[in-house]
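Throughout, read-outs are computed from the coordinates displayed, never taken from laboratory work. Nothing here was measured: the structure is a model prediction, and the numbers come from that model. Ideal geometry is used to build each Cβ from the backbone, glycine not excepted, and the neighbour counts take in all protein chains shown.
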2 protein chains.
Amino acid sequence: MAVYTDVTADELQAYLADYDLGSLLSCKGIAEGVENSNFLLHTSRGHYILTLYEKRVAEADLPFFIGLMEHLAARGLTCPQPVKSRAGQALGRIAGRPCAIVTFLDGMWLRRPGVAHCHALGGALAALHLAGRDFPMERRNSLSVDGWRPLFEAAEARADEVTPGLADAVETALAALEGGWPDGLPRGVIHADLFPDNVFFLGDKVSGLIDFYFACTDTLAYDVAICLNAWCFEPDGAYNVTKGRALLDGYGKVRPLSRDESAALPVLCRGAALRFLLTRLYDWFAVPAGALVRRKDPLEYYRKLRFHQTIGGARDYGIDAA
Amino acid sequence: MAVYTDVTADELQAYLADYDLGSLLSCKGIAEGVENSNFLLHTSRGHYILTLYEKRVAEADLPFFIGLMEHLAARGLTCPQPVKSRAGQALGRIAGRPCAIVTFLDGMWLRRPGVAHCHALGGALAALHLAGRDFPMERRNSLSVDGWRPLFEAAEARADEVTPGLADAVETALAALEGGWPDGLPRGVIHADLFPDNVFFLGDKVSGLIDFYFACTDTLAYDVAICLNAWCFEPDGAYNVTKGRALLDGYGKVRPLSRDESAALPVLCRGAALRFLLTRLYDWFAVPAGALVRRKDPLEYYRKLRFHQTIGGARDYGIDAA
């Protein structure tokens with residue numbers, strides 16, 4: 001549920017005067033995304049999404065995100081396409097907040113994605129990686145291995161309140177990852193947050209990818225690991241190898257993983273699980289229990305981390321022998 | 001911000017199979033209304049609103065609300081028009097909740113309505129009263145004078161926590177209203193909650209009235225009093241007689257108030273102010289401070305009540321001498 005900043009009809013009408021979007025017919029706050037305020041605009045030209053960037057998105061990063069969406073859309077990826085003002089600007093400002101208007105994408109995100117959806121998701125992720133290859137801008141991943149220890153230190157003292165022994169388990173996993181994080185695998189633009197709520201489907205087909213506000217330049221196979229974590233576990237905590245195989249197969253058909261990338265999947269999956277465990281743990285203590293934002297359970301990712309620590313090798317994810 | 005119940009693509013697709021609305025393209029939770037969950041649907045036939053009725057709306061009242069919207073829409077009032085299934089049903093059930101699909105209305109509600117908007121609102125309210133004249137169903141107003149004492153009794157013990165002396169002031173006002181509530185004025189369908197967020201505008205024209213879930217059979221001029229309270233006070237608490245005159249003039253041009261109705265405006269305005277003061281006071285203590293619903297300030301309506309207690313007569317609202 002994300003509408004943190006209210007927008008008046010007058011403000012919006014004045015803002016749209018700089019765009020070729022026709023007259024404003026409707027604007028409704030929508031419950032989508034958790035970092036920003038999003039509004040569905042109806043103008044005499046069509047339907048659009050207006051995003052007001054709230055404090056958690058660094059303004060200096062916006063040109064990267066906007067530029068990336070333009071780049072990907074120009075290469076045929078169905079992602080929100082920034083709409084430019086008559087002066088050629090995609091970024092503006094409403095109610096004191098940086099903002100952008102993007103095209104509206106049809107489709108719905110799936111609460112319970114199935115095997116076919118995981119296959120389609122894999123293909124869409126690989127297509128994103130290929131489309132991003134020649135994107136000229138760079139953005140460091142502040143939530144990769146270097147960023148984890150500061151998050152842990154902020155939450156360490158209270159971690160065992162969530163479950164006994166958590167602090168020690170995280171310390172051990174973190175130290176191992178810091179010592180053995182893969183280096184030299186193919187890099188490029190990654191989405192870094194491609195959870196089911198950021199992927200729209202029409203039937204079994206991906207109709208759009210949204211929310212590029214964690215996108216950055218990092219190891220491509222790490223994005224695969226994030227998706228294995230986000231898409232292939234069942235509500236009871238079990239890894240669904242059929243979904244994993246489908247995701248990896250869908251990915252590999254568009255962009256085959258190298259032998260090194262496949263071999264690195266277990267450590268990348270542990271890293272991805274730890275990254276979401278740590279941000280959720282941090283938020284758990286930073287966000288008051290009664291706040292307007294629902295906190296996500298850190299333990300879900302602790303259980304995933306433990307699964308990744310016990311597997312025999314990449315083949316256990318369902319990948320074909322390389 | 002109102003999405004209390006989540007709806008999956010599968011559930012929705014199954015539900016829509018009973019309707020002639022084409023295929024489902026998109027469904028987004030919207031931040032509109034506080035009592036129910038609302039979703040904006042895009043289907044191959046157009047845009048619609050899906051409402052899931054939450055616990056505060058009595059299921060037995062739904063046929064009245066749905067029937068009223070159909071009745072008003074058939075008489076040319078721009079309000080949401082219920083969409084019927086192929087079996088002729090406007091009410092259904094999704095995720096265990098009663099629900100209805102209605103047409104989407106363009107327009108935006110105004111955070112700061114001006115004089116011209118108050119004039120237009122008055123005309124729209126009168127048009128609603130006229131269009132509702134031959135609506136055959138009845139619904140008692142549970143939030144009229146008979147319903148106020150139970151609300152007060154539930155909050156009385158803690159009322160002075162909101163401001164010292166509030167309990168005594170409410171008791172005095174309530175007793176006076178119980179003793180002198182107007183009887184015999186013209187009755188019919190009233191909206192009973194026509195606040196600015198329930199009225200859409202395109203420019204200075206009313207483009208739609210929404211949220212009929214407090215509508216009932218009651219004194220028509222009481223609806224006028226509710227609107228004077230909701231539309232004609234400034235943020236600093238002052239009554240804006242220019243807006244009041246515009247609202248009353250707009251109303252009177254479509255449905256002239258009788259001499260008795262005009263004369264009753266002060267007591268009806270005190271009643272309307274007390275009604276919102278009491279429901280806000282009740283919610284103030286019933287809703288935990290940190291809950292996902294923002295509480296509305298009861299004192300805003302206490303200040304309005306005191307204004308209505310000090311005026312000389314109906315003419316102070318800006319009404320032309322009858």
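Once you compute Rg and the Kirkwood Rh from C-alpha atoms, what is the Rg to Rh ratio for region A:99-206? Kindly include the intermediate steps, with their values, before the conclusion.
Numbers: Rg = 18.3 Å, Rh = 17.4 Å.
Ratio of gyration radius to Kirkwood radius: 1.05.
Report the relative contact order of chain A, percent, no decimals, based on alpha-carbon pairs under 8 angstrom and at least 6 residues apart. Don't skip to the answer; put the middle values down first.
Values: 544 pairs, mean separation 54.0, N = 322.
Taking the mean separation of contacting Cα pairs over the length of chain A, I get 17 percent.
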Inset, instruction - Can you tell me the 0 to 90 degree angle between the C-alpha axis of helix B:145-162 and the longest principal axis of chain B, rounded to 10? - result: 80 degrees
Inset, instruction - Distance between Cα centroids, region A:90-104 to region A:1-66: provide it in whole Å. - result: 5 Å
Inset, instruction - Could you state the orientation-averaged shadow area of the convex hull built on the Cα atoms of region A:1-147, in nm² to one decimal? - result: 10.3 nm²
Inset, instruction - For region A:171-221 and region A:130-152, compute the distance between their C-alpha centroids and round to whole Å. - result: 9 Å
Legend entry - Rg to Rh, two decimals, where the protein assembly as shown supplies the alpha carbon set and Rh follows Kirkwood: 1.03
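How would you order B:76-84, B:92-100 from highest to lowest mean count of nearby Cβ atoms within 10 Å? Mind dumping the intermediate values first?
Working: B:76-84: 19.1, B:92-100: 16.9.
For the peptides B:76-84, B:92-100, the packing ranking is B:76-84, B:92-100.
How many percent of the alpha carbon pairs in region A:58-138 exceed a separation of 15 Å?
Details: 2127 of 3240 pairs.
Within region A:58-138, distances greater than 15 Å cover 66 percent of Cα pairs.
Please report the net charge: other residues with Cβ closer than 13 Å to the Cβ of A:Ala127, K and R +1, D and E -1.
Cβ neighbours under 13 Å give a net charge of +4.
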Legend entry - Pairwise FRET efficiency - A:Glu153 versus A:Arg295, Cβ, R0 = 22 Å, nearest 0.05: 0.65
Inset, instruction - With 5 Å bins from zero, work out the P(r) of region B:1-64 over every alpha carbon pair and list the percent per bin. - result: 4, 18, 25, 23, 19, 11, 1
Inset, instruction - Take the Cβ-Cβ distance between B:Asp20 and B:Asp197 as r, set R0 to 35 Å, and report the resulting FRET efficiency rounded to the nearest 0.05. - result: 0.65
Inset, instruction - Find every distance from the label point of A:Glu178 to the corresponding label point in the other copies (7 Å from Cα along Cα→Cβ) and write them in nm, one decimal, shortest first. - result: 7.0
Inset, instruction - For chain B, with a Gaussian network of springs between Cα atoms less than 10 Å apart, report the residue from B:Glu161, B:Glu70, B:Glu178 with the top mean-square fluctuation. - result: B:Glu161
Inset, instruction - List the distances, in nm to one decimal, from the label point of B:Asp197 to the label points of the same position in every other copy, shortest first, placing each label point 7 Å from Cα along the Cα-to-Cβ direction. - result: 2.1
Legend entry - Label 7 Å beyond Cα on the Cβ vector: A:Glu54 copy-to-copy distances, nm: 1.8
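When a footprinting reagent is the concern and you count Cβ atoms within 10 Å, what order do B:Asp168, A:Asp249 take, fewest first?
Details: B:Asp168 12, A:Asp249 16.
So the ranking, lowest neighbour count to highest, is B:Asp168, A:Asp249.
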Inset, instruction - Based on the mean of other Cβ atoms within 10 Å per residue, sort peptides A:295-304, B:119-128 so the most packed one is first. - result: B:119-128, A:295-304
Inset, instruction - Work out the P(r) tail for region B:133-182: percent of alpha carbon pairs separated by more than 17 Å, whole number. - result: 47 percent
Legend entry - A:Thr8-A:Arg187 pseudo-label distance in nm [points 7 Å out on the Cα-to-Cβ vector]: 4.8 nm
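Set the Förster radius R0 to 60 Å, insert the Cβ-Cβ distance between B:Leu130 and A:Ala116 as r into 1/(1 + (r/R0)^6), and round the FRET efficiency to 0.05.
Numbers: r = 55 Å, r/R0 = 0.92.
Result of the calculation: an efficiency of 0.65.
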Legend entry - Candidates A:Thr217, A:Thr103, A:Thr163, ranked by Gaussian network fluctuation over chain A, Cα under 10 Å, top entry: A:Thr163
Legend entry - Radius of gyration, Dmax [chain A; alpha carbons; angstrom]: 20.1, 61
Inset, instruction - Report, to the nearest 10°, how far helix B:166-180 tilts away from the longest principal axis of the Cα atoms in chain B, using its own Cα long axis and a range of 0 to 90°. - result: 90 degrees
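For every helix of n ≥ 4 consecutive DSSP H residues, a contribution of -39,500 (n - 2.57) applies; sum these over the protein assembly as shown, divide by its total residues, and give [θ] at 222 nm rounded to the nearest 500 deg cm²/dmol. Let's see the in-between values first.
Numbers: 18 runs with 276 residues, N = 644.
That calculation yields -14000 deg cm²/dmol at 222 nm.
Filter the cross-link list A:Lys304/B:Lys28; A:Lys205/A:Lys243; B:Lys55/B:Lys296; A:Lys205/B:Lys84; B:Lys243/B:Lys304 down to pairs whose alpha-carbon distance in this structure exceeds 21 Å.
Details: A:Lys304/B:Lys28 30 Å; A:Lys205/A:Lys243 16 Å; B:Lys55/B:Lys296 19 Å; A:Lys205/B:Lys84 30 Å; B:Lys243/B:Lys304 15 Å.
With Cα atoms farther than 21 Å apart: A:Lys304/B:Lys28; A:Lys205/B:Lys84.
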